[in-house]
1. To the nearest 0.05, how large is the calculated FRET efficiency for Ser187 and Val157 if R₀ is 30 Å and r is the Cβ-Cβ distance?
2. Given a Förster radius of 45 Å and the C-beta distance between Val241 and Ala121 as r, what FRET efficiency does 1/(1 + (r/R0)^6) yield to the nearest 0.05?
3. Within the range 93-217, what whole-number % of the accessible surface is contributed by carbon and sulfur, with the 1.4 Å probe and all protein chains included in the calculation?
4. Figure the gain on full extension for Lys80 and Phe100 (residue separation times 0.36 nm, minus the Cα-Cα span) and round it to one decimal in nm.
5. Taking K and R as +1 and D and E as -1, what net charge do the other residues with C-beta under 9 Å from the C-beta of Asp238 add up to?
6. Work from the charge dipole of the range 124-220 (Cβ charges, +1 for Lys and Arg, -1 for Asp and Glu, about the Cα centre) and give the residue of Ile188, Pro167, His153 farthest towards its positive end.
7. First select every other residue whose beta carbon is under 14 angstrom from the beta carbon of Phe105; then total the charges, Lys and Arg +1, Asp and Glu -1.
8. Report the Cα-based extents of the range 90-227 along its three principal axes, largest first, to the nearest Å.
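The values are calculated or read from the model by the stated rules, or taken from the named source; none is laboratory data. All figures in this text were calculated on a predicted structure; none of them were measured in a lab. Heads up, the Cβs are rebuilt from the backbone with ideal geometry, glycines too, and the neighbour counts pull from every protein chain shown. Please note that ligands, DNA and RNA were not included when accessible areas were found on the heavy atoms of the full protein model with its side chains. Shrake-Rupley method; radii C 1.70, N 1.55, O 1.52, S 1.80 Å.
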Amino acid sequence: MHARLLPFLLGALALSTPALAQDEDEDAPLAYPDEEEEEDAPRKLPRRSSDPTADFDRMADEEEAEGDFERMYGSDDPNKGLAGELILGTMLLDSSRGRFADPAFGLGLRFTWEFGRILDAEPLREALWLDVRWTMAGRSEGTELVVGSTRIHYFAVAPAYEFTFGPEKTYGIFGQLGAGMAYQSTSITVNEEATPIKGTKPLIQYGVGFRGRPRLSERMALTFRVELMRFRRGYMDDTFVGASAGTAF
């Protein structure tokens, strides 16, 4: 009886061995790395490109994209930065008779170009502009026998820098400095016989003022100024106090 059971017992033991090993593996806990060891382990740096020119190409692309972005400001502004104005005011002519000044009526025309728009700098876009200006002042005085009349024409090109403020930078205070030429025509009449005297002198224009450009439509704005300007012709200084108005587009 015992001899017959022995082969069955040996076979059962042989089959149970791998099953026990399999159960042993399944019940074993999973191994996790130690947190302290993980923190102490050196971190891997991002792998660099094998191409040494890749970084330079990337930087060039970024600079080009940034430049394109900067040039886009003002692209939605339809105005060209051109304006024309009529000037009216009082010219205080330097008196040759020792008085404070000889007042005279002054008028003129002015054309403005906002050249700051062509520069690749947003703060200068509305701040820089220049005038091409003609101003005329004249006076006449004397007696029934002798009459003297003088006309002076001021031609100047003057850039300006403006400190803008208000909604859409509509208003500003500016300073201006330029140069040009003064043409003077004087006539002395004695007993209805006139003797003309003409001449030119170099001119320096400088002064300050207040400027406004309220918008009338999408493509047009009203422009106006109040200004205090001086014109130095030779050794004489003439002062203009006046205003101007016109349109800009």
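1. For Ser187 and Val157, the calculated efficiency is 0.55.
2. Computed FRET efficiency for Val241 and Ala121: 0.85.
3. That share works out to 66 percent.
4. In short, 2.9 nm is gained.
5. Net charge in that neighbourhood comes out at +1.
6. Pro167
7. Neighbourhood net charge equals -1.
8. Taking the Cα atoms of the range 90-227, the three principal extents are 62, 29, 26 Å.
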